[in-house]
Amino acid sequence: MERVNGGDRLANKVILVTGAASGLGSEIANQCVLQGARIAIGDVNNDKGSQVVEKIREIGGDARYFHLDVTDEKSWQRALSDINGAFGGVHGLVNNAGIIARKPFTEVSLDDWKRVLDINLTGPFLGTKLTAPYLKGSGGGSIVNISSTAGFSAHPDCAYSASKWGVRGLTKSAALNYSSWGIRINSVHPAMIMTPLQLTAPPGYMEASNAAIPLGRPAQAAEVARIVVFLLSDESSYMTGSEMVVDGGILAAGTWNMRTQMQKVIAAGKSG
């Protein structure tokens, strides 16, 4: 990551990012810092969270780690009190922490279901409710909830899909409830993001995914993170309850694109 001198779109804003010890969360933190934000890294992984803070500080950014279990109301209360004490206010929240069970409906246990819903949906509920008073006290702010294209279309993991559909509804309800507090709340819906995990995918997975995406590739984490920066910034001042889809066109393509790709495979098989 380049040294912090990229811009001032989030200058002097204190942003809490959950699940920021790795993956998309850490990149969101990086992109916010590049735009002048001071960052609170919230996660349950103390070691990795501290490493993200060290990397941000190496390039001149202001970041601190706070242990945060997004499913625990008391953990939220402690973290927010500590963040407010350390930075003197909170101006933005990114509810990014999330997991996936990767099990078909018939194999999902009640424990699987509860864990995914607790982190992916109850986490943003608690975060929104408990952070909102701090945002109001800072003169208003922005909350960004990370959902998924699985919040628009079917996904084989029923718990994950239900949680991401739920985040859409939660976002819109919260946007109505907190608009009078000067708080805007929007959701972001990525498709596949290129992470080290994708390198361990089974044979043919990446090729099939790229064929299904009109732009022909997965997103880079920074491409999604920059959308989050926009929603946190004053540039999106008239947006609340909105959904930002960052998917390379996969939802727009729908059945037509899937049929086209299958037609190519079938035709190739017959000609062979």
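The values are calculated or read from the model by the stated rules, or taken from the named source; none is laboratory data. What you see is a predicted model, and the numbers here were worked out from it, not measured in a lab. All Cβ positions, glycine included, derive from the backbone under ideal geometry; neighbour counts span all protein chains shown. To get the accessible areas, we keep the full protein, side chains included, count just its heavy atoms, and leave off ligands, DNA and RNA. Shrake-Rupley method; radii C 1.70, N 1.55, O 1.52, S 1.80 Å.
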Problem - Close pairs (6 angstrom Cβ cut-off, 6 or more residues apart or separate chains): of a type in the set (Lys, Arg) in the stretch 165-185, open to solvent by 80 Å² or more (accessible area, probe 1.4 Å) anywhere - result: none
Practice task
For the stretch 40-78, name all the residues that are more than 21 Å from Leu24 (Cα to Cα) and open to solvent by less than 10 Å² (accessible area, probe 1.4 Å).
Solution key: Ser75
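Can you work out which of the residues in the stretch 93-118 that are of a type in the set (A, V, I, L, M, F, W, C) and under 13 Å from Ser161 (Cα atoms) is least open to solvent (accessible area, probe 1.4 Å)? If you could, list the steps in order and put the result at the bottom.
Of all residues in the stretch 93-118, those of a type in the set (A, V, I, L, M, F, W, C) come to 93-94, 97, 99-101, 105, 108, 110, 113, 116-117.
Of the ones still in play, those that are also under 13 Å from Ser161 (Cα atoms) are 99-101, 105, 108, 113, 116-117.
Numbers: Ile99: 49, Ile100: 57, Ala101: 26, Phe105: 151, Val108: 30, Trp113: 97, Val116: 3, Leu117: 29 Å².
Only one residue tops the list, namely Val116.
Can you say whether Ser179 is at pLDDT 90 or above and open to solvent by 10 Å² or more (accessible area, probe 1.4 Å), as far as the supplied structure shows?
Working: at pLDDT 90 or above: yes; open to solvent by 10 Å² or more (accessible area, probe 1.4 Å): yes.
Considered against the rule, which asks whether it is at pLDDT 90 or above and open to solvent by 10 Å² or more (accessible area, probe 1.4 Å), Ser179 comes out as yes.
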Handout entry: Positions within the stretch 3-29 being under 18 Å from the mean Cα position of the chain (by Cα) and either open to solvent by 30 Å² or more (accessible area, probe 1.4 Å) or of a type in the set (D, E, K, R) (or both), in sequence order
Key = Ser22, Gly23, Glu27
Exercise for the section: State yes or no: is Gly123 at pLDDT below 95 and either under 16 Å from the mean Cα position of the chain (by Cα) or surrounded by 18 or more Cβ atoms within 10 Å (Cβ to Cβ) (or both)? Expected result: no
Completion exercise
Residues of the stretch 238-272 being touching a residue at least 24 places away in the same chain (Cβ under 8 Å) and in a loop (DSSP other than H, G, I, E, B), in sequence order, are Met239, Thr240, Gly241, Ser242, Asp247, Gly248, Gly249
Exercise for the section: Select, from Ser187, Ser163, the only residue that is modelled with pLDDT of 90 or more, buried (at least 20 other Cβ atoms within 10 Å of the Cβ) and part of a strand (DSSP E or B). Expected result: Ser187
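If we keep just the residues of the stretch 212-243 that are small (Gly, Ala, Ser) and open to solvent by less than 10 Å² (accessible area, probe 1.4 Å), which is nearest to Met192 (Cα to Cα)? Can you show your working first?
Our first condition is that a residue be small (Gly, Ala, Ser); within the stretch 212-243, this holds for 212, 216, 219, 221-222, 225, 233, 236-237, 241-242.
Filter once more, keeping what is open to solvent by less than 10 Å² (accessible area, probe 1.4 Å): 225, 233, 236.
Numbers: Ala225: 13, Ser233: 25, Ser236: 25 Å.
The extreme case among them is Ala225.
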Fill in the blank from the handout: Exception for Ser148 within (1) in contact (Cβ under 8 Å) with a residue 24 or more places away in the chain; (2) within 15 Å of the chain's Cα centre (by Cα); (3) open to solvent by 20 Å² or more (accessible area, probe 1.4 Å); (4) farther than 23 Å from Ile83 by Cα falls at (3)
